[in-house]
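Trainee: So that we are looking at the same thing, I have put the structure below in structure tokens.
The values are calculated or read from the model by the stated rules, or taken from the named source; none is laboratory data. Everything numeric here is computed off the predicted structure, so don't read it as measured data. For neighbour counting, all protein chains shown are included, and Cβ atoms are generated from backbone atoms with ideal geometry for every residue, glycine included. Surface accessibility is based on the protein's heavy atoms, side chains included, excluding ligands, DNA and RNA. Shrake-Rupley method; radii C 1.70, N 1.55, O 1.52, S 1.80 Å.
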Amino acid sequence: GGAVHCWGYNYFGQLGDGSSSPSLTPVAVSGLSGATAIVAGGNHTCALVAGGAVQCWGNSDYGQLGDGSTTTRLTPVAVSGLSGATAIAAGNSHTCALVAGGAVHCWGDNGNGQLGDNSLTQRLTPVAVSGLSGATAIAAGGSHTCALVAGGAVQCWGNNGTGQLGDGSTTQRLTPVAVSGLSGATAIVAGSSHTCALVAGGAVQCWGNNGTGQLGGGTSRESL
């Protein structure tokens, strides 16, 4: 029916029930209906709702709720100026939406260029990712973001300290760069400092931080 229920830590109101009290069992997000997808960031939560709008709640110290403020919200608020969203992703303190036509808009913390707008400026409302088109899916890591684009390539931007952008370097990128040597991708997912892609045929390829073997290659050596 499009309602959302949340549970767990709630100091910043990320459960959306109008309180800041933790809950060991699910509670309904207040005033939210028609949700079609949800994402959880570091201490904030967002929902894609019918019609292509996005609503967010919880911590907003970097503007990750997208309502033009840095005010913590205990119940959902609409992301300002965003319409036609088809998918959403949340990082530690930033949020992104895929919109109709294959563009991506992001907001919140941008200290590592994770918003992709060729700046390091925090944004309280959505900005377009520079030079990106034809996106079909998005994923947000701790402070990096990636998009699957038409044809099966992947482009990433933001923090690259452990090679999580996959361009063969550890250089921070303020706009999208292509993941080297990757083709035929059909889905993507991002962890705190690593990224993985499902590729045609059912294989999975990963890159970035590998200190605890999260790349699955049998070593703990990072891959750029």
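Trainee: Exactly one of (1) in a strand (DSSP E or B); (2) surrounded by fewer than 19 Cβ atoms within 10 Å (Cβ to Cβ) is unmet by SER21. Its number?
Mentor: SER21 satisfies all of (1) in a strand (DSSP E or B); (2) surrounded by fewer than 19 Cβ atoms within 10 Å (Cβ to Cβ) except (1).
Trainee: Could you say which residue among ALA47, ALA90 is among the small types (Gly, Ala, Ser), under 18 Å from LEU124 (Cα atoms), open to solvent by less than 10 Å² (accessible area, probe 1.4 Å) and modelled with pLDDT of 95 or more?
Mentor: ALA47 is the lone residue from the list that is among the small types (Gly, Ala, Ser), under 18 Å from LEU124 (Cα atoms), open to solvent by less than 10 Å² (accessible area, probe 1.4 Å) and modelled with pLDDT of 95 or more.
Trainee: Do we find that ASN159 is touching a His at 6+ places or on another chain (Cβ under 8 Å), open to solvent by 30 Å² or more (accessible area, probe 1.4 Å) and either in contact (Cβ under 8 Å) with a residue 12 or more places away in the chain or under 28 Å from GLY101 (Cα atoms) (or both) in this structure?
Mentor: Yes.
Trainee: Sticking with this one: Would you mention how many residues in region 170-210 are open to solvent by 50 Å² or more (accessible area, probe 1.4 Å), of a type in the set (Gly, Ala, Ser), touching a residue at least 12 places away in the same chain (Cβ under 8 Å) and assigned to a loop (DSSP other than H, G, I, E, B)?
Mentor: Matching residues across region 170-210 total 5.
Trainee: Could I ask something else about it? Within region 37-65, track down each residue that is within 13 Å of the chain's Cα centre (by Cα), outside any strand (DSSP E or B) and within 23 Å of GLY84 (Cβ to Cβ).
Mentor: Scanning region 37-65 gives GLY41, GLN64, LEU65.
Trainee: Here's a follow-up. Identify, please: which residue in region 131-156 is closer than 14 Å to LEU115 by Cβ and of a type in the set (Ser, Thr, Tyr) and is, among those, most open to solvent (accessible area, probe 1.4 Å)?
Mentor: For region 131-156, the residue satisfying everything is SER143.
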